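Since the structure comes first, as structure tokens, the remarks are kept for the end.
The values are calculated or read from the model by the stated rules, or taken from the named source; none is laboratory data. This one's a predicted model, so the numbers in the text were calculated from it and none came from an experiment. Positions of Cβ are backbone-derived with ideal geometry, glycine not excepted, and every protein chain shown enters the neighbour counts. These accessible areas exclude ligands, DNA and RNA; they are computed on the full protein's heavy atoms, side chains included. Shrake-Rupley method; radii C 1.70, N 1.55, O 1.52, S 1.80 Å.
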Amino acid sequence: MTATKRFALPLILLACTGLAACGGVERDITLRKIRNTSNGPDEFTIVPNKPLESPPSFVELPEPTPGGANRTDQQPLADAVAALGGRPGALEDRGVAASDGALVTAASRRGVDPSIRTTLAAEDEDFRARKSRWTKFRIFGGDEYYRAYSDETLESQAVKRLWRRAGAQTPSAPPEE
């Protein structure tokens, strides 16, 4: 038996095994390797309610709405704004403010694609599927998200220098690193 015949069968079996390992398995394209491995609850999803309190007048209570907000539900962002002396009501979405009308007009001067979010979501899912193709073969796990998107990252200092050379004012530029 020659050396080529002796190694041909194991080589063919190894190639078939490798090809079989590639198919039929649904890939994880999230690129994130953060998983809760314990059987207990996730302590970051538990938010305590505010203490119950009696309203000044039971007549003023709103009608209960199924699935709606409760008076004892936590509103961390609004609570933080109020604690810092701001108006929590300013956080409510009221559409585009009149003062921002010119900005919206300028930004949409070349038209607005109504399906841009759907298009971007599909393109990003395709991108993540391509980038996650070889992540299962990495010896040491880890988070692949930043490595996958590294070519898409904006170099803020280089862009700042480019705009300053062009004579543009950059008063809120990122600080030097």
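For residues that are among the hydrophobic types (A, V, I, L, M, F, W, C), assigned to a helix (DSSP H, G or I) and modelled with pLDDT under 85, tally how many sit in segment 115-167.
First pass over segment 115-167, keeping only residues among the hydrophobic types (A, V, I, L, M, F, W, C): 116, 120-122, 127, 129, 134, 137, 139-140, 148, 154, 158-159, 162-163, 166.
If we keep only those that are assigned to a helix (DSSP H, G or I) too, we end up with 116, 120-122, 127, 129, 137, 148, 158-159, 162-163.
Going one step further and asking which of them are modelled with pLDDT under 85, we end up with 129, 137, 148.
Of the residues in that region, 3 qualify.
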*asked:* Looking at (1) under 30 Å from Glu152 (Cβ atoms); (2) in contact with a helix residue (DSSP H, G or I) (Cβ under 8 Å, 6 or more places away or on another chain), which one does Gln75 not meet, given that it meets all the others?
replied: (1)
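Taking the options Asp79, Asp73, Asp93, name whichever one is at pLDDT below 90 and open to solvent by 100 Å² or more (accessible area, probe 1.4 Å). Can you show your working first?
Numbers: Asp79 fails: open to solvent by 100 Å² or more (accessible area, probe 1.4 Å); Asp73 fails: open to solvent by 100 Å² or more (accessible area, probe 1.4 Å).
Among Asp79, Asp73, Asp93, only Asp93 is at pLDDT below 90 and open to solvent by 100 Å² or more (accessible area, probe 1.4 Å).
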*Where a residue in segment 71-84 is closer than 13 Å to Val47 by Cα and its partner, wherever it lies, is of a type outside the set (Asp, Glu) and surrounded by 11 or more Cβ atoms within 10 Å (Cβ to Cβ), with Cβ under 6 Å and at least six apart*: Thr72/Lys50
